[in-house]
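A quick write-up on the structure given underneath.
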Amino acid sequence: MSFDKDFLFNLKKLEREFYLKPVVKVARNLLGKIFVKLERNIVLAGMITEVEAYDGKSDQASHSYKGLNKRNQHMFYLGGHTYVYFTYGVHYCLNVVACREGYGAAVLIRAMEPLLGVEKFSYRRFNKRKLSEKEFQNLLNGPGKICQAFNLTTKQSGKDLLGDEMFILDYKNLSNKQIGCSERIGISKSKELMWRFYIKDSKFLSK
DNA sequence: TCTGCGATATTC
DNA sequence: AATATCGCAGAC
């Protein structure tokens with residue numbers, strides 16, 4: 001199986017309806033789907049392997065928990081938009097907004113398997129072209145790494161994933177057996193919720 | 001292979 | 001003061 005442009009462009013873009021379901025369901029369903037960003041002369045694509053769900057008012061770990069502010073405003077957009085935020089003074093993180101407009105739920109994209117644009121990813125992440133096996137696996141296996149490789153910043157926050165610049169393609173539908181879950185990483189509140197989901201046999205997961 | 005730490009924008 | 005992170009240095 002090869003992931004060239006022709007293969008990708010025969011896949012169908014996820015429709016609005018996909019994003020309007022409860023956020024945990026959207027999170028699980030995003031596993032195995034293909035995130036695509038079109039740049040000037042290049043196609044960047046990765047298969048989503050690890051995600052975390054963040055709900056609205058009920059979830060103390062969610063950016064939207066305390067209501068709308070300047071930083072989190074895009075998290076309240078209609079499902080199917082992006083929410084990119086800056087954190088630790090260093091890193092950007094990509095989220096996919098879920099549910100109706102004004103609800104404030106999103107899926108943090110934590111890891112992907114690189115498919116197209118590997119050379120671009122390599123330069124942005126390691127400033128070189130030839131990578132070891134280990135480096136290849138580490139291209140997109142963390143939320144900050146994804147944004148570095150795809151060159152995503154707050155400029156790309158609030159974009160519609162049903163548009164032409166960035167979108168998600170329907171690809172794999174995974175069974176419950178193939179999906180692992182755990183506590184979310186790096187939070188202190190609402191830790192008991194098992195809302196981190198990942199593809200069990202993937203080599204492209206965060207640490 | 002692992003642990004601790006520094007970097008530092010944004011919000012409360 | 002805390003945070004939805006990462007890469008590096010130094011210990012072993």
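The values are calculated or read from the model by the stated rules, or taken from the named source; none is laboratory data. As the structure is a prediction and not an experimental result, all values here were calculated from the model. Every residue, glycine as well, gets a Cβ built from its backbone with ideal geometry; the counts of neighbours run over all protein chains shown. Just so you know, the surface numbers come from the protein's heavy atoms only, side chains and all, with ligands and any DNA or RNA stripped out. Shrake-Rupley method; radii C 1.70, N 1.55, O 1.52, S 1.80 Å.
Are there any pairs, at least 6 apart or on different chains, whose C-beta atoms fall under 7 Å, with the first in segment A:57-70 and farther than 19 Å from residue A:93 by Cα and the second of a type outside the set (Val, Ile, Thr) and open to solvent by 60 Å² or more (accessible area, probe 1.4 Å), and if so, which?
A:57/A:65
I'd like the full set of residues that are within 13 Å of DNA strand B (Cβ to nearest atom) and in contact with a helix residue (DSSP H, G or I) (Cβ under 7 Å, 6 or more places away or on another chain), limited to segment A:62-83.
A:63, A:64, A:68, A:83
When the residues of segment A:75-96 are filtered to those that are out of contact with any Leu (no Cβ under 7 Å at 6 or more places or on another chain) and farther than 9 Å from residue A:158 by Cα, which remaining residue is most open to solvent (accessible area, probe 1.4 Å)? Talk me through it step by step, then tell me what you get.
First, pick out the residues of segment A:75-96 that are out of contact with any Leu (no Cβ under 7 Å at 6 or more places or on another chain): A:75, A:77-78, A:83, A:85-91.
Still in the list and also farther than 9 Å from residue A:158 by Cα: A:78, A:85-91.
Details: A:78: 58, A:85: 29, A:86: 82, A:87: 30, A:88: 184, A:89: 62, A:90: 93, A:91: 90 Å².
Selected residue: A:88.
Where in segment A:1-81 are there helices (runs of 4 or more DSSP H), lying wholly inside it, with at least 1 residues that are within 12 Å of residue A:98 (Cβ to Cβ)? So that I can check it myself, show each step before the final result.
Working: elements: A:5-9, A:16-19, A:23-30.
In segment A:1-81, the matching helices (runs of 4 or more DSSP H) lie at A:16-19, A:23-30.
So, residue A:42, is that one within 22 Å of residue A:135 (Cα to Cα) and more than 18 Å from the chain's Cα centre (by Cα) or not? Steps first, answer last, please.
Values: within 22 Å of residue A:135 (Cα to Cα): yes; more than 18 Å from the chain's Cα centre (by Cα): yes.
Yes: the conditions hold for residue A:42.
So, in segment A:166-187, of the ones that are in a loop (DSSP other than H, G, I, E, B) and without any contact (Cβ under 8 Å) to a residue 60 or more places away in the chain, which residue ends up most open to solvent (accessible area, probe 1.4 Å)?
The extreme case among them is A:183.
Could you check how many residues of segment A:112-121 are touching a strand residue (DSSP E or B) at 6+ places or on another chain (Cβ under 7 Å) and either outside any strand (DSSP E or B) or among the polar types (S, T, N, Q) (or both)? Let's see the steps before the verdict.
Step one: of segment A:112-121, the residues touching a strand residue (DSSP E or B) at 6+ places or on another chain (Cβ under 7 Å) are A:112-117, A:120-121.
Checking which are either outside any strand (DSSP E or B) or among the polar types (S, T, N, Q) (or both) leaves us with A:117, A:120-121.
Adding up the residues that qualify gives 3.
Within segment A:122-153, restricting attention to residues that are modelled with pLDDT of 95 or more, of a type in the set (S, T, N, Q) and part of a loop (DSSP other than H, G, I, E, B), which residue is most open to solvent (accessible area, probe 1.4 Å)?
Restricting to residues being modelled with pLDDT of 95 or more, of a type in the set (S, T, N, Q) and part of a loop (DSSP other than H, G, I, E, B), the top hit is A:151.
Out of A:118, A:107, A:96, I need the residue that is more than 16 Å from DNA strand B (Cβ to nearest atom), without any contact (Cβ under 8 Å) to a residue 40 or more places away in the chain and of a type in the set (A, V, I, L, M, F, W, C). Which one?
Going through A:118, A:107, A:96 in turn, just one is more than 16 Å from DNA strand B (Cβ to nearest atom), without any contact (Cβ under 8 Å) to a residue 40 or more places away in the chain and of a type in the set (A, V, I, L, M, F, W, C): A:118.
Yes or no: residue A:67 more than 20 Å from residue A:182 (Cβ to Cβ), away from DNA strand C (no atom under 12 Å from the Cβ) and touching a Lys or Arg at 6+ places or on another chain (Cβ under 6 Å)?
no
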